[in-house]
Each structure stands twice: as structure tokens, then as C-alpha cells.
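Have a look at the structure below, then the notes.
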Amino acid sequence: MSQNYAAGLSKYKHKGVLGLKEIYDNDAEMKRKVLELSKLMQSAKHVVLHTGAGISTAAGISDFRGPKGIWTAEKKKQKPAPSKPFSEAIPTFTHMAIMELVRTGTVKFVISQNIDGLHIRSGLSMDHLAELHGNIFMEECPKCHTRMLRKSPAPTIARKKTGGVCGTTGKRATPCRGELIDNVLDWCSPLPETDLSSSEAHSRAADLNIVLGSTMQINPSGELPLKAKARDPNSKFVICNLQKTKFDDDADLVIRAKVDDIFRGVMEHLALSVGDYKPEQDPVLAISCERIPLSRNLVQPPVELLPQPKVNKRKTTLKSEPPQQDKKKLKVEPKDDGAMNEIEIDPKPEPTLF
Ligand SMILES: [Zn+2]
């Protein structure tokens, strides 16, 4: 469950803005905004989704910074709200809708901060999914770099040895026998390079970036949806989140509603039907042994959308680069009324946030 996940991470005190109140648009406002989002999705050529913990709360998995979030409870020294074990959670309506949107080509790429594996379990094409913080149902071999999909959640997190051994055979048909590690990042783990570079390329190429269920406080994930605006100010950026974010003023549209309600409306407007989750189509449940090797080929954005592609070779971790020592950094803090307020703080390493 997500509490165990949180407890298994190394100690880190900078958890960001926690426990902001949730705000809901009224019915008429929400319907108008959902129609606007649907029209944006219909007219866009390259739609990219950025998903956070808010899309999995309906599956019974706790978020981190919501009013009942894990980090919020930790700050208040309260017991966190109950959360389902990852093995018992199933994809939500939004997960199933996203799978259908990708299958029909309406959405070109999905970038997720979630480690719960629900995107893959919905049947979403792995070639169209970047999981920037890892996946609890995956392992990796540090020796031959094979990724494995597990039938059950990994027994460890933070890229530790799971006890599994790599059975991949090379040219000589001898097993690799590398000691497998879990795929879930710790605070300072480097982000998976392939997933990150594809995410940057798609975010920059998108004419519509949509954030779902995230307060966008973690870097670099939180900054990706704004990449396209820097390339083309006419590109659109939409936030669907119940809590305010520091990027609300940069967004073309902000919808305050539960993502399942938003996507019920969107799918209706787009005349797309969403099937129920089917366990027999869940690739995790389809594994007959303990684990299977995976191969994937992450799709890249069309070249014409990136006339001058840049390959980012820097090593990026969840921890931001320390700010210049002679500069002060702006930080977002909530005011008494819950509104966001930027304040200057002394230079120190920026928080790294799940
Ligand atoms: Zn191996």
C-alpha cells in the first residue's frame, strides 16, 4: 500500500505545500469547462497527459499532499487514511478512459508520476507511457538492463535488491544471473533516462498538455507540462486538479472537479465509450510465473513537431539542481485563505518531492 511505499523511502523533510483545501467548480461551470476541454482535445494534433496521485485516489490509493494525504498526515503527526494494497487496487474510470484515448489516437503520450502500475494494468500501451518514478510491479536487472513485469508488487522499493535473479539468456544461452532490483525511485534516484527524454520531447511537441490529479510540485515532472509554452505560446495547457497549483495562472483552463467526473463528460463529448476493467486483459494478472521480461519501444513525437530536437544528456534526479548561491529562490506558500503566495527564501537545495 502507498503508506508502506512512503515509509520505505529514505528520510527527506522537504515535502512541499501540504494539505491545501480542495475546491470544486459548481455544476454549470464544470460542464462548460469540460466542453471546452473536449473541444481543445478534438482540435489538438498532439495531446499529452501528465498524471499524478489524484487519478488513483478513486482506486483507494492515498495521495500525498491532499487534505488526507500521506505527507499531510505526517506533518500533522496523524495516522494516514487507510490505503488499499497495490495488489488489490484496480484501474479507475480515468485509467480506462486514458487507455481508450491512446488506443484511438486522441492522446499521443502519457507521462505518469504514479508507481501503482494502474496505467499498465488498464491495458494502456507501454510504448505510449513514461513512468518517471517507476512501477511497483517492475524489476530491473542492473547487469543486462532487462526490465521485468512482476505478477505481484515488488517486495522492496527505492531500487533495492528484490531477491530475484535475472534469467535472461545472452548469445551463449547462459543465464545472466544478475541480482534484480525494484523499479521504484527513492528521493535522490536518477530518473529513467529513456522515459525522461521521451517525456521532454512529447511535452515540448504537444499543442495540448493536460495535467490530471497533480499539484505539480515535483521536479522535473512538474515542469514538463509548461515546456510547449516556451516553444509555442499558442500551445494549450490545462490543469485538472482539486487543489490550487503554482502554475494555475499559466494555464489556459483549470478544472476543479474529480478527474473521473471530468472524463465521463469528455468521453461523452468525444463519443468514445469506456469499457470496464477486465482482469483477463490485465497484463500483470496474465503472468503465469513470477515475472516476465519486457520489451518496449517508446514512441517519439513526429519530427515536424520538433524541428530542432535537443537531446538532454544531463543526469537528472528527483532532486533539483541547487540554486545559484548568490540568488534567492521563489517558493510558493499557502496564505491563510488557501491562496498561493510566492515568497523569497534563502538559497538552499530545492525540495525533491513525490
Ligand atoms: Zn540480466
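Applying the condition of being over 21 Å from Ser295 (Cβ atoms) and among the charged types (D, E, K, R) to the range 180-215 and asking which residue is farthest from the chain's Cα centre (by Cα) yields Asp207. Does Ile157 count as at pLDDT 95 or above and β-branched (Val, Ile, Thr)? No.
Within the range 175-189, residues that are within 12 Å of Arg147 (Cα to Cα) sit with their Cβ atoms under 7 Å from residues that are β-branched (Val, Ile, Thr) and more than 9 Å from the ligand (Cβ to nearest atom), at 6+ positions apart or across chains, in these pairs: Leu180/Thr162; Ile181/Thr162; Asp182/Thr156; Asp182/Ile157; Asp182/Thr162. Consider Val299 carefully, then state whether it is without any contact (Cβ under 8 Å) to a residue 24 or more places away in the chain and either closer than 15 Å to Ala97 by Cβ or among the β-branched types (Val, Ile, Thr) (or both). So Val299 does not fit the description; no. For the range 57-110, the set of residues classified as at pLDDT 85 or above and farther than 30 Å from Leu270 by Cα consists of Lys84, Pro85, Phe86, Ser87, Glu88, listed by residue number. Residue pairs whose Cβ atoms lie under 6 Å apart, separated by 6 or more positions or on different chains, with the first residue in the range 115-142 and closer than 18 Å to Cys166 by Cα and of a type outside the set (Asp, Glu) and the second within 16 Å of the ligand (Cβ to nearest atom) and part of a helix (DSSP H, G or I), do not occur.
Is the range 132-139 home to any residue that is modelled with pLDDT of 95 or more and within 16 Å of the ligand (Cβ to nearest atom)? Yes, because at least one residue in the range 132-139 is modelled with pLDDT of 95 or more and within 16 Å of the ligand (Cβ to nearest atom).
Candidates are the residues of the range 153-209 that are of a type in the set (D, E, K, R), within 15 Å of the ligand (Cβ to nearest atom) and not in a loop (DSSP other than H, G, I, E, B); the one that is farthest from Phe237 (Cα to Cα) is Glu179.
In the condition set (1) assigned to a loop (DSSP other than H, G, I, E, B); (2) at pLDDT 95 or above, His119 is compliant with all but (1). Would you check if there is a residue in the range 41-52 being at pLDDT below 90 and out of contact with any Phe, Trp or Tyr (no Cβ under 9 Å at 6 or more places or on another chain)? No, the range 41-52 has no match at all.
The values are calculated or read from the model by the stated rules, or taken from the named source; none is laboratory data. Note that this is a predicted model, so its numbers are computed, not measured. FYI the Cβ positions are ideal-geometry reconstructions off the backbone, even for glycines, and counts take in every protein chain you see.
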